[in-house]
Amino acid sequence: MLLAVDIGNTHIVLGLFDGEALRRSWRLWSRPGLTSDELRVLLAGLLGDDATAVRDGIVGSVVPPLTGEVRRALVELTGVEPIEVAPGVRTGLRIRTDNPHELGADRILNAVAALERYGGPCIVVDLGTATTLDVVTAEGEYLGGVIAAGPEISAAALAERTARLARVDLKLPPHVIGRNTVDSIRSGLLHGHAAMIEGLVTRVERELGGRATVVTTGGLGALIGRLLERVDVHDPHLTLHGLRIVHARNRAR
């Protein structure tokens, strides 16, 4: 089986694949300072007997200090040396940005998976710590995208930079028009974010010259996706599938 690991700013997400089927998945906090020893113990507890069935591994990371720790933990636990999503790894995309080395692994993986699973042109909306939109043509060209602060960052900034507005949890208010301060903040954070995404999708499609498949993913994808007027596909495991696909394209190298 293949163990795929997506190291993000907030979570480490793991997926265990049997062929193309995702059999199990887990989510851990990507706490700064995590060591390979701690991670090995955590992974051993999660995988259980399946640790001995792992034959391949792949890691994609946007947190460089954790990348080496995760790799060491995987090698020590499974004996498998994982592929790392880094420059030189075959993705199947043609990157058309000004500086391809700036691209985070998660954005590339999302684009790979969306194109493979749902076809292009497509717009991937990843709602996590940051909100990103990534644009891929039907011919497999990655054109670039949009990066914005996610709702949780916005909530923290609002509480920090104002004297009388408290930090609120991200819960849908009963109405767009808030009847109290807490619901008004929630409406701004969630409905406002949804409106931003809808506007961006419209503008991106205008630049593309036609309609694109809109795919949502990320920790807040299900919550905010409910507020979007148009979502073609919600795929909570899109990044993991991107890791699986990239692994298959590099396995024989």
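The values are calculated or read from the model by the stated rules, or taken from the named source; none is laboratory data. Computed from a prediction, not measured in an experiment: that's the story for all the values here. Note that we place each Cβ from the backbone using ideal geometry, even for glycine, and neighbour counts take in every protein chain shown.
Scan the stretch 25-35 and tell me whether some residue there is closer than 18 Å to LEU109 by Cα and touching a residue at least 24 places away in the same chain (Cβ under 8 Å).
yes
VAL13: touching a helix residue (DSSP H, G or I) at 6+ places or on another chain (Cβ under 8 Å) and either basic (Lys, Arg) or within 17 Å of LEU243 (Cα to Cα) (or both), yes or no?
Taking the combined requirement at face value, the residue satisfies it.
Can you name the residue in the stretch 1-52 that is part of a strand (DSSP E or B) and of a type in the set (D, E, K, R) and is also nearest to ALA149 (Cα to Cα) among such residues?
ASP6
So ARG186 fits all but one of (1) charged (D, E, K, R); (2) within 26 Å of THR97 (Cβ to Cβ); (3) surrounded by 15 or more Cβ atoms within 10 Å (Cβ to Cβ); what number is the exception?
(2)
Checking the structure you have, find out if any residue of the stretch 167-184 is more than 30 Å from ARG117 (Cα to Cα), in contact with a Pro (Cβ under 7 Å, 6 or more places away or on another chain) and among the basic types (Lys, Arg).
no
In the stretch 123-150, how many residues are touching a Pro at 6+ places or on another chain (Cβ under 6 Å) and either exposed (fewer than 15 other Cβ atoms within 10 Å of the Cβ) or not assigned by TED's automatic domain parsing to the domain that holds LEU208 (or both)?
1
Does ILE153 fit the bill of being surrounded by fewer than 17 Cβ atoms within 10 Å (Cβ to Cβ), closer than 21 Å to LEU109 by Cβ, assigned by TED's automatic domain parsing to the domain that holds ARG107 and out of contact with any helix residue (DSSP H, G or I) (no Cβ under 8 Å at 6 or more places or on another chain)?
Spelling it out, it is not the case that ILE153 is surrounded by fewer than 17 Cβ atoms within 10 Å (Cβ to Cβ), closer than 21 Å to LEU109 by Cβ, assigned by TED's automatic domain parsing to the domain that holds ARG107 and out of contact with any helix residue (DSSP H, G or I) (no Cβ under 8 Å at 6 or more places or on another chain).
Filter the stretch 70-122 down to the residues that are in contact with a Ser or Thr (Cβ under 7 Å, 6 or more places away or on another chain), crowded, with 18+ Cβ neighbours inside 10 Å and over 30 Å from ASP50 (Cβ atoms) and list them by number.
LEU103, GLY120, PRO121, CYS122
Test of understanding: among THR67, THR97, THR91, which residue is closer than 24 Å to LEU34 by Cβ, out of contact with any Leu (no Cβ under 6 Å at 6 or more places or on another chain) and touching a residue at least 24 places away in the same chain (Cβ under 8 Å)?
THR67
For the stretch 205-253, name all the residues that are of a type in the set (Gly, Ala, Ser), within 23 Å of GLY15 (Cα to Cα) and over 17 Å from the mean Cα position of the chain (by Cα).
Those that are of a type in the set (Gly, Ala, Ser), within 23 Å of GLY15 (Cα to Cα) and over 17 Å from the mean Cα position of the chain (by Cα): ALA248, ALA252.
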